[in-house]
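Have a look at the structure below, then the notes.
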Amino acid sequence: MLHHRRLLLFLFFPLLGASPAPNASLLLLPHVHSDPDSVAREVQRQVESSRRRALLEASEKEQQCLTGNPIDDCWRCYGTDWREDRQRLADCGIGFGRAAMGGKGGPFYVVTDPSDPDPVNPPPGTLRYGVIQEGPLWITFASDMNIRLNEELIVNSFKTIDGRGAVVHIAGGGCITLQYVSNIIIHNVHVHHCVPAGEANVRSSPTHYGWRTHSDGDGISIYSGKQIWIDHCALSYCTDGLIDAIMGSTAITISNNYFSHHNEVMLLGHTDDYLPDSGMQVTIAFNRFGEQLVQRMPRCRRGYFHVVNNDYTAWEMYAIGGSANPTINSQGNRYVAPANPNAKEVTKRVDTAESQWSGWNWRTEGDVLVNGAFFVPSGEGLDAMYAKAESLDPKSATLIDQLTMGAGVLGGGPRDNGDGTGNSVNYGGSATSAGGGDSDGAGYGYLGMMFAGHAPPSLRPNLFLCVALFSTSLVLSFSLQSLHSL
């Protein structure tokens, strides 16, 4: 039996694009997809299908629910009130993390107490008490809350943290840890000002607690996690990464989030020589990378990373970086370079000579390159140079605006999580209001998306929008045909 397992391991490595040296850790990665390009094509198919439905509805009705964003259209435009059908969200994932069920099928747990008084024996009603329970659990919030965690929030498998209907900040202390767990959905919460914690006992389940050493101060830390979906969150101002995934984590989707005010945004991969990260597969879709970001959007090691339909408004060093031969599949993003003439390149091969990275599969298709931004493809990406010309077509930008218009927390106030002065949020852990719930404001009814500094754009269909989206469909159709021919 052992001989057969070793044989399967040797056959498995070529699918990962990794060294053929055997590594038993890969046997623990059953969620690795053998054809990651097919997952990327399915995301594009879903975007195109949702966009076509939105165009059809716009032509038939005065007001439309559909936006063309396949995730949002799935749970918001199904024909039922999302408040009465919250768990439908679990059916709306896309990409590599699409199978993350979270707490679907389990009971609801309502957070009523924003405090975190005892990480070993958390009282019922707190967020910590809910996330450590065994079995599926769908966690919601009774009102607007500012939750300051005294230690890392160690989340158990099969949990959904669903902030819809309330304004929820997890800020000013230890933040979220997903370690050796699967089937997690984190949706519609603010995560910011996270700092290192540890040197303390913390409970991870009803029957176990243990000593935790110092954490890094990540907003969301994924350690050997699988089937994880982070959607519609606003992340900023953390000590280390906003989202880090390491140690063989895989089957992850990071979508519809708003990132801002941070240096090292997202690390995907532990170290260059950690072979199990060859099985890491991550979809990064419909996010906005906003103000005062420096680098790592993301920074990848090994694995396969589908970066699709995101809006990069600027960066200070680079947008996408990597080492140890990761596959970067960049499709339909808008990259707006900063004014600095020395920081126009989207891509960065970290501490690697060109003779080594020239064969890495980094490709750009349908990307919009603005203000002198340029993407350096390599490997198979050099065979798709036609995308360079295509990326200059301004009609593609209309689609990006539509797909990312709701990035961040819906109905949760400004995208920005504050300037660090403490004026924007109370980090002490007390609720900011007794309302929240399902009121029209916090529940965001029809759309209710809040933008920093200005009102949300109107979605009432008009002739310009219909013509622009129809023009975009021609570009997308050509891109999809080209993809199928690869």
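State all residues of the range 319-345 that are open to solvent by less than 10 Å² (accessible area, probe 1.4 Å), closer than 13 Å to Val294 by Cα and more than 19 Å from the chain's Cα centre (by Cα); if no residue qualifies, say none.
Matches in the range 319-345: Ala337, Ala343.
Considering only residues of the range 240-255 that are in contact with a helix residue (DSSP H, G or I) (Cβ under 6 Å, 6 or more places away or on another chain) and on the phi > 0 side of the Ramachandran plot, which is surrounded by the fewest Cβ atoms within 10 Å (Cβ to Cβ)?
Gly248
Starting from the range 125-143, keep only residues that are in contact (Cβ under 8 Å) with a residue 24 or more places away in the chain, then list their pairs with residues that are of a type in the set (D, E, K, R) and crowded, with 23+ Cβ neighbours inside 10 Å whose Cβ atoms are within a distance under 7 Å, requiring at least 6 positions of separation or different chains.
If the second residue must be of a type in the set (D, E, K, R) and crowded, with 23+ Cβ neighbours inside 10 Å, the pairs left are Val131/Lys159; Leu137/Lys159; Trp138/Asp162; Ile139/Lys159; Ile139/Asp162; Thr140/Asp162.
Quick one: would you say Leu56 is among the hydrophobic types (A, V, I, L, M, F, W, C), open to solvent by 40 Å² or more (accessible area, probe 1.4 Å) and more than 18 Å from Ile176 (Cα to Cα)?
In short, yes.
Pick from the range 34-53 the residues that are basic (Lys, Arg) and within 21 Å of the chain's Cα centre (by Cα): which of them is most open to solvent (accessible area, probe 1.4 Å)?
Arg45
Does Tyr258 satisfy the condition of being in contact with a strand residue (DSSP E or B) (Cβ under 7 Å, 6 or more places away or on another chain), open to solvent by less than 20 Å² (accessible area, probe 1.4 Å) and of a type in the set (Ser, Thr, Tyr)?
yes
Across the range 126-164, which residue is farthest from Ala407 (Cα to Cα) among those that are assigned to a loop (DSSP other than H, G, I, E, B) and open to solvent by less than 10 Å² (accessible area, probe 1.4 Å)?
Of the range 126-164, the ones assigned to a loop (DSSP other than H, G, I, E, B) are 132-136, 142-144, 148, 150-152, 155-158, 163-164.
Filter once more, so that each one left must be open to solvent by less than 10 Å² (accessible area, probe 1.4 Å): 132, 155, 163-164.
On the way: Ile132: 29, Val155: 24, Gly163: 15, Arg164: 14 Å.
Filtering the range 126-164 for residues that are assigned to a loop (DSSP other than H, G, I, E, B) and open to solvent by less than 10 Å² (accessible area, probe 1.4 Å), the one farthest from Ala407 (Cα to Cα) comes out as Ile132.
Out of the strands (runs of 3 or more DSSP E) lying entirely within the range 179-270, which hold 3 or more residues that are not polar (S, T, N, Q)?
Output list reads 182-187, 190-192, 200-205, 208-212, 220-223, 226-231, 243-246, 250-255, 266-268.
Given the criteria more than 17 Å from the chain's Cα centre (by Cα) and touching a residue at least 24 places away in the same chain (Cβ under 8 Å), does Gly210 qualify?
Working: more than 17 Å from the chain's Cα centre (by Cα): yes; touching a residue at least 24 places away in the same chain (Cβ under 8 Å): no.
No; evaluated as a whole, the condition is false for this residue.
In this structure, does Leu399 turn out to be out of contact with any His (no Cβ under 6 Å at 6 or more places or on another chain), modelled with pLDDT of 90 or more and either buried (at least 21 other Cβ atoms within 10 Å of the Cβ) or among the small types (Gly, Ala, Ser) (or both)?
No, not satisfied.
If you scan the range 59-97, which residues turn out to be open to solvent by 70 Å² or more (accessible area, probe 1.4 Å) and within 19 Å of the chain's Cα centre (by Cα)?
Answer for the range 59-97, where residues must be open to solvent by 70 Å² or more (accessible area, probe 1.4 Å) and within 19 Å of the chain's Cα centre (by Cα): just Asp91.
Determine which member of the set Val350, Val308, Val370, Val376 is crowded, with 18+ Cβ neighbours inside 10 Å and of a type outside the set (D, E, K, R).
None of the other options fit; the residue is Val308.
Among the listed residues Ala285, Ala314, which satisfies the condition of being open to solvent by less than 10 Å² (accessible area, probe 1.4 Å), aliphatic (A, V, I, L, M) and under 23 Å from Leu399 (Cα atoms)?
Exactly one residue qualifies, and that residue is Ala285.
Do we have Cys300 as within 17 Å of the chain's Cα centre (by Cα), under 24 Å from Pro338 (Cβ atoms), assigned to a loop (DSSP other than H, G, I, E, B) and not polar (S, T, N, Q) here?
When the stated conditions are applied, Cys300 does not pass them.
Could you say which residue among Thr271, Thr239, Thr250 is of a type in the set (Ser, Thr, Tyr), within 28 Å of Arg86 (Cα to Cα) and in contact (Cβ under 8 Å) with a residue 24 or more places away in the chain?
So the residue among Thr271, Thr239, Thr250 that is of a type in the set (Ser, Thr, Tyr), within 28 Å of Arg86 (Cα to Cα) and in contact (Cβ under 8 Å) with a residue 24 or more places away in the chain is Thr250.
Could you go through the range 57-70 and let me know if any residue there is modelled with pLDDT of 95 or more and either over 28 Å from Trp362 (Cβ atoms) or not in a loop (DSSP other than H, G, I, E, B) (or both).
The answer is yes; a qualifying residue exists.
The values are calculated or read from the model by the stated rules, or taken from the named source; none is laboratory data. Nothing here was measured: the structure is a model prediction, and the numbers come from that model. Methodologically, a virtual Cβ is constructed for each residue, glycine included, from the backbone with ideal geometry; neighbour enumeration extends over all protein chains shown. Just so you know, the surface numbers come from the protein's heavy atoms only, side chains and all, with ligands and any DNA or RNA stripped out. Shrake-Rupley method; radii C 1.70, N 1.55, O 1.52, S 1.80 Å.
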